[in-house]
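Visitor: Dumping the structure here so I can ask a few things about it.
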Amino acid sequence: MEVIIQPNAAAATRLVARLIAKALRQNPGLVLGLATGRTMEQVYALLADMHKEEGLDFARCRTFNLDEYAGLPPEDNHSYRFYMNHHLFAKVNIDRRNTHLPDGMADDLDAACIRYEQAIQEAGGIDFQLLGIGHDGHIGFNEPLSALRSRTRVKVLTPQTMAANGPLFDGRERMPRRALTMGVGTILDSKRCVLLAAGTAKADILAKAVEGPITAMVSASALQLHPHCTIVVDEEAAARLEGKDYYRFVFRNEPEWQEFQ
Ligand code: GLP
């Protein structure tokens, strides 16, 4: 795991967008794992700009989102399908048939989860997985006590997640209590993970995830097991990290990061 600290949220977001763009340029058929949430909106805005201004090409890119609410149709503006269409897919030259989210409207949600795992496998696995972190340490919707080897399945959301995401719904009671999410094991199978976090509200949970023990109570801590995981944070989210000096030294001195200075 490596940690990159940027001066502010805008710089952290820009760095993540550039990492995705670089991966896509190196491999135009990239299988890209995508995340939702407020933190990601600006990442997608930057990718849309790069498409428009630099011709960043999504024509052969395939995407798999981490999660989707149960029971929200794609046209519901709170569904993650709607979010993705709005923030990214409508703004770049991606073929919608190559974009995938778990089917939260399936009659049989368990079967939909199995199909999702199969689709990821048939695509050859995820090359680059973008991640945020929830206030309770979730990645995707892997709430506390998610098995560290879990696969895509239905999860019941915690009161903390309901409180964090509820305000995004008009009327908190409209927020689904369940979601379909890639498992921690699914995420760990990706070839590369990049987690973006910004703001003071994420500082405590980020320190637990990065420097604390690996525990199912904090799903993001499982990323410590991933062979190629980069955590990109702003100063505020980095506030509780103990190893800041070392992380800064690596970013300033390692050749792979020179182009991002
Ligand atoms: C949701 C998503 C997560 C995301 C989290 C953080 O719960 N399921 O994948 O990481 O939101 O959201 P925000 O960026 O709004 O803090």
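The values are calculated or read from the model by the stated rules, or taken from the named source; none is laboratory data. What you see is a predicted model; the values in this text were computed from it and never measured. For neighbour counting, all protein chains shown are included, and Cβ atoms are generated from backbone atoms with ideal geometry for every residue, glycine included. Just so you know, the surface numbers come from the protein's heavy atoms only, side chains and all, with ligands and any DNA or RNA stripped out. Shrake-Rupley method; radii C 1.70, N 1.55, O 1.52, S 1.80 Å.
Visitor: A 29 angstrom limit on the alpha carbon distance is what I want to check against. Which of LYS22/LYS155; LYS91/LYS244; LYS22/LYS202; LYS91/LYS191 exceed it?
Guide: LYS22/LYS155; LYS91/LYS244
Visitor: I want the local charge near LEU88. Using Cβ-Cβ distances under 12 Å, sum +1 for each Lys or Arg and -1 for each Asp or Glu among the other residues.
Guide: My count for the surroundings of LEU88 gives +1.
Visitor: Treat each spin label as a single point 7 Å out from the Cα along the C-beta direction, and report the GLU242 to GLN224 distance in nm.
Guide: Each label point is offset 7 Å from its Cα along the Cβ direction, giving 1.1 nm.
Visitor: Next question. Roughly how many Å² is the accessible area per residue of the chain, as a whole number, for a 1.4 Å probe?
Guide: Heavy-atom accessible area per residue stands at 45 Å².
Visitor: Check the cysteines of the chain one by one and keep only those with no other cysteine Cβ under 4.7 Å from their own.
Guide: CYS61, CYS113
Visitor: Sticking with this structure for a sec: First compute the accessible area of segment 62-190 with a 1.4 Å probe, then give the percent of it belonging to carbon and sulfur atoms.
Guide: Roughly 50 percent, rounded to a whole number.
Visitor: Under 14 Å from the Cβ of ARG240, count the other residues' Cβ atoms, weight Lys and Arg +1, Asp and Glu -1, and hand me the total.
Guide: Here the charged neighbours net out to -3.
Visitor: Can you tell me the FRET efficiency between GLN26 and ARG172 if r is taken as the Cβ-Cβ distance and R0 is 30 Å, rounded to the nearest 0.05?
Guide: Result of the calculation: an efficiency of 0.10.
Visitor: Within 14 Å, Cβ to Cβ, of LEU180, how many net charges do the neighbouring residues add up to if Lys/Arg are +1 and Asp/Glu are -1?
Guide: Result for the local shell: -1.
Visitor: Please check the chain for the longest run free of GluC sites (Glu not before Pro) that are loop-located per DSSP (anything but H, G, I, E, B) and have at most 14 other Cβ atoms within 10 Å.
Guide: Maximal segment without exposed cleavage sites: 76-241.
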